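S.K.: Provided herewith is a single structure, encoded as structure tokens, for subsequent inquiry.
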Amino acid sequence: MSTAMPQFEMPPRAEGSVRPGATGSAQIEPGSDGLGNDSADPLDPGPRGSDPLHTATARRRFGWRQLLIAGLVGVLAGGAIPVALQSLDDSAASAQVEDLRSVALEYLTAIANGRAGVATGLAPVHSGGRVAPDGVLQTADPITDYTVQLVQVDGLSGSADVRYRVGGIEVFRALEARLVDGEWRLRTSLAEVADVTFSDPIARVQVAGVPLDGVAPVLLYPGSYRIDAFAGPFFLSGGDEFVVDGDPGTPTAPYVTAGVVPRIRDYATELALDTVADCQLRARCPVGYGLRLLPVGEPYPVDADADTGAIDLVVPIMALDGRDTQWFDVRLRAILDDDGAPAEWLCGEPGASAEELHGCTL
């Protein structure tokens, strides 16, 4: 008797799966997404009569995948945009720093090269007075070892720390700046007014032919200057050096040496000695009779009257008696003519004031 063997049906093979014994990558059937799903339009609900559960599952699968992709794109884009903006900001700030550094260096270079007009164009002078022309700055010993050390920018404002050497000293200054219409404008000037309010009454204070003691103040850029030497019919002055360092915290006061020309010096000394000798012949003279007289030092001016053309000099005299020494100042006055030469002399006895002068006897 034969026994019938039970018949088993093999389950249908899934589409797109890996066949037994296959060694390559999964084989994707045309029209499949590799996950066993139809790759047709995921929004298409499928043919009429299709399984509603299958349709809903497909839609849920689409929504999850789309959200995942959108999220990744958002993260990448959202991270890249701030980095790009920061890079642009850093680049713009670096460019502004370099621009300000360039302007500050151009300013120092103009001063070092004697170009006062260019320097004033880069950093206008806000105080009263006028800047001396290029020719004055070009006669000075210029600044050296100049450099821009640090530049800071904060929006429309900035500053440049500079260093230079002048007259044997090292100077540090901070130049403030402002961004105007896309260009840096320096707001700190290194030009200074030379204070010549105090000087010898007959001194002529000028540099490269430009008077510094006029009505309007004259501003000078950093450098070592020399006052013009001058010699006229009566007096001489100048030749002194002074330094402008560009720092308003330090004084800029040129000292001017003034004196009389040799011919006037000798004549005034002779007048003073003769005046004291005449005084010794009188009983009330402060200098005793018979004392030996010697001039000490040179005559020096003490007063000047531009309206009358009068210049007062003092001649120091020493009287010796062998046991003691006495010192006296003899006051003289020269009345100058239109050419600046002395037309008349007045003399005073030792210790006499300006009001006690009389005609000289020599």
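The values are calculated or read from the model by the stated rules, or taken from the named source; none is laboratory data. The shown structure was predicted, so the numbers you read here are calculated from the model rather than taken from an experiment. All Cβ positions, glycine included, derive from the backbone under ideal geometry; neighbour counts span all protein chains shown. When the accessible area is computed, the model is the full protein with side chains, heavy atoms only, and any ligands, DNA or RNA have been set aside. Shrake-Rupley method; radii C 1.70, N 1.55, O 1.52, S 1.80 Å.
S.K.: Taking the Cα-to-Cβ direction at Val215 and at Asp266 and moving 7 Å from each Cα, how far apart do the two end points lie in nm?
M.R.: 4.2
S.K.: If you don't mind, another one. So what is the relative contact order of region 190-325, in percent, for Cα pairs below 8 Å that sit 6 or more residues apart? Please report the intermediate quantities before stating the final value.
M.R.: Working: 248 pairs, mean separation 28.3, N = 136.
Averaging sequence separation for qualifying contacts and normalising by length gives 21 percent for region 190-325.
S.K.: Another one. Tell me, what ³J(HN,Hα) does each residue in region 110-125 have, in order and in whole Hz, if you take phi through Karplus 6.51 cos²θ - 1.76 cosθ + 1.60 with θ = phi - 60° and put x for Gly and Pro?
M.R.: 4, 5, 5, 8, x, 9, 5, x, 5, 4, 5, x, 7, 9, x, 8
S.K.: Show log10 I(q)/I(0) for region 309-362 at q = 0.12, 0.23, 0.29 Å⁻¹, two decimals, from a solvent-free Debye sum over equal Cα scatterers.
M.R.: Log10 of I(q)/I(0), two decimals: -0.34, -0.86, -1.09.
S.K.: Take Gln152 and Tyr255, extend 7 Å from each Cα along the Cα→Cβ direction, and tell me the distance between the two endpoints in nm.
M.R.: 3.8
S.K.: With N set to the number of residues, divide the alpha-carbon radius of gyration of region 197-290 by 2.2 N^0.38 Å and report two decimals. Each step should come with its number before you reach the end.
M.R.: Details: Rg = 19.8 Å, N = 94, 2.2 N^0.38 = 12.4 Å.
Its radius of gyration relative to the 2.2 N^0.38 Å reference: 1.60.
S.K.: Still on this structure: Which one, Ala119, Ala132, Leu105, projects farthest toward the positive side of the charge dipole computed for region 96-158 from Cβ point charges (K/R +1, D/E -1)?
M.R.: Going by the Cα projections, it comes out as Ala132.
S.K.: Here's another thing I want to ask about it. With +1 assigned to the C-beta of every Lys and Arg and -1 to the C-beta of every Asp and Glu, and no other charges, what is the dipole magnitude of region 276-358 about the Cα centre in debye, to the nearest 20? Before the final figure, lay out each step's value.
M.R.: Values: 6 positive and 16 negative charges, 145 e Å.
Roughly 700 debye, rounded to the nearest 20.
S.K.: Using a Förster distance of 41 angstrom, determine the FRET efficiency expected from the C-beta separation of Ser353 and Glu241, and round it to 0.05. Show your work: numbers first, answer last.
M.R.: On the way: r = 36 Å, r/R0 = 0.88.
Once rounded, the FRET efficiency stands at 0.70.
S.K.: Moving on to the next point. Could you compute the FRET efficiency for Asp329 and Thr144, with r as their C-beta to C-beta distance and R0 at 41 Å, rounded to 0.05?
M.R.: Details: r = 46 Å, r/R0 = 1.12.
That pair, Asp329 with Thr144, gives E of 0.35.
S.K.: Rounded to whole Hz and in sequence order, give me ³J(HN,Hα) for region 257-264 from the Karplus expression 6.51 cos²θ - 1.76 cosθ + 1.60, θ = phi - 60°, writing x for Gly and Pro.
M.R.: For region 257-264, the Karplus curve yields 7, 10, x, 9, 5, x, 5, 5 Hz.
S.K.: Turning to a different aspect of this structure: Which residue, Tyr164, Leu150, Gly182, has the largest displacement toward the positive end of the dipole of region 144-183 when charges sit on each Cβ (Lys, Arg +1; Asp, Glu -1)?
M.R.: Result: Tyr164.
S.K.: Viscosity 1.567 mPa s, temperature 4 °C: what is the translational diffusion coefficient of region 226-362 from Stokes-Einstein with a Kirkwood Rh over Cα pairs, rounded to a whole number of µm²/s? All intermediate terms of the calculation are to be shown ahead of the outcome.
M.R.: Details: Rh = 16.6 Å.
Stokes-Einstein gives a translational diffusion coefficient of 78 µm²/s.
S.K.: Farthest toward the dipole's positive end in region 254-362, which of Gln280, Leu320, Val296, given Cβ charges of +1 (Lys, Arg) and -1 (Asp, Glu) about the Cα centre?
M.R.: Highest projection toward the positive end goes to Leu320.
S.K.: Determine the per residue accessible area of region 215-362 with all protein chains present and a 1.4 angstrom probe, expressed in square angstrom. Don't skip to the end; give the middle numbers.
M.R.: Values: 7660 Å² over 148 residues.
Computed with neighbouring chains in place, this is 52 Å² per residue.
S.K.: Turning to a different aspect of this structure: Keeping the other protein chains in place, figure out the carbon and sulfur percent of the accessible area of region 135-182, with a 1.4 Å probe. Don't jump to the answer; show the numbers that get you there.
M.R.: Numbers: 1130 of 2570 Å².
It is 44 percent, rounded to a whole number.
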